[in-house]
Amino acid sequence: MLRVEEYVMYSLKEIEIEPDSVLKRQILTLRNLDLERMSEDRFARKFVENYSQCSIYEIEQKIELASHYYESQSLFPGDTVLFYPTITEQKASCEKTCDVYGGKIHIGSYYLRYQAFMENLTTGKKYVLKRPWIAEMGTYDFFPSNISEMDSLDVALKTAYELGHLNSRYDYYSISTRIGAGVYVTKLGPKNKVKQKIREQKRKLAC
């Protein structure tokens, strides 16, 4: 027989096969209250949905372990951030400068274009890089693939002058003169605000 005071340790399957219907209802009620509480957090909600059959204890452990991986230390200190990078190969239609090495990317040459979308789950705000970064082919490992790597790059760019090359293959001081002394992002506004402005302009024209 299950024990109410240990309800957080039971999986949904264990609860469902409990023969005592009154006890089962009590435990399910407590479990659902916990799931509702956790679901109020947008980050935790994903784990509640994906591991709905697990015990409350297991779900909380998964959330705690994952939150460290998604926690920003530099760009958004202490916030939980989902990170979505995009790298595409493109053909230059005009001459460009490589943000990583500073060399010229000539017309007709292929280059990498990097952009990152960041969703701050703590504040509900969304960001992208102030501008896409471009670099010559073969520099995939320079571009951050998660918020931790983006934070590290942000720190490297901010401290490049004091720390020099940091025993890295990349000259972060030189890179900072092109990208900036840190990672610069732009906050995205709600789409409905854009639509609202358009509607307001149409009303003015109609008057």
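The values are calculated or read from the model by the stated rules, or taken from the named source; none is laboratory data. Not measured: the values here are computed from a predicted model. Neighbour counts are summed over all protein chains in view; Cβ atoms, including those assigned to glycine, are modelled from backbone coordinates with ideal geometry. Ligands, DNA and RNA are excluded from the accessible area calculation, which covers all protein heavy atoms including side chains. Shrake-Rupley method; radii C 1.70, N 1.55, O 1.52, S 1.80 Å.
Of the whole protein surface, SER52 contributes about 50 Å² of accessible area at a 1.4 Å probe radius.
Seen from PRO85, the other residues with C-beta closer than 14 Å to its C-beta sum to a net charge of -3, counting Lys and Arg as +1 and Asp and Glu as -1.
Return the Rg/Rh value of the chain, two decimal places, where both radii are evaluated on C-alpha atoms and Rh is the Kirkwood radius. Please report the intermediate quantities before stating the final value.
On the way: Rg = 24.4 Å, Rh = 21.0 Å.
Radius of gyration relative to Kirkwood radius: 1.16.
Annotation for TYR57 and SER145: the two label points, set 7 Å from Cα along the Cα-Cβ direction, are 3.4 nm apart.
Between TYR161 and ARG42, the modelled label-to-label distance comes to 3.6 nm, taking each label 7 Å out from Cα in the direction of the beta carbon.
Here r is the Cβ-Cβ distance between SER174 and GLN73 and R0 is 25 Å; the resulting FRET efficiency, rounded to 0.05, is 0.55.
What number in nm² do you get for region 83-140 if you take the convex hull of its Cα atoms and divide its surface by four? Intermediate results must be reported in sequence, preceding the final value.
Values: hull surface 17.1 nm².
Spelled out: convex hull of the Cα atoms, projected over all directions, averaged, 4.3 nm².
Measuring from centroid to centroid over Cα atoms, what is the spacing of region 107-164 and region 57-88 in Å? Answer, in whole Å: 17.
Looking at region 1-72, the GluC sites (Glu not before Pro) that sit in a DSSP loop and have at most 12 other Cβ atoms within 10 Å of their own Cβ are GLU40. With a cut-off of 18 Å, note down the residues of region 129-151 whose backbone N falls inside the zone around a label point 7 Å from the Cα of SER93 toward its beta carbon. Within reach of a label on SER93, which here means backbone N under 18 Å from a point 7 Å along Cα→Cβ, region 129-151 contributes 132-135. A Förster radius of 45 Å, combined with the Cβ-Cβ distance separating LEU188 from MET9, puts the computed FRET efficiency at roughly 0.60.
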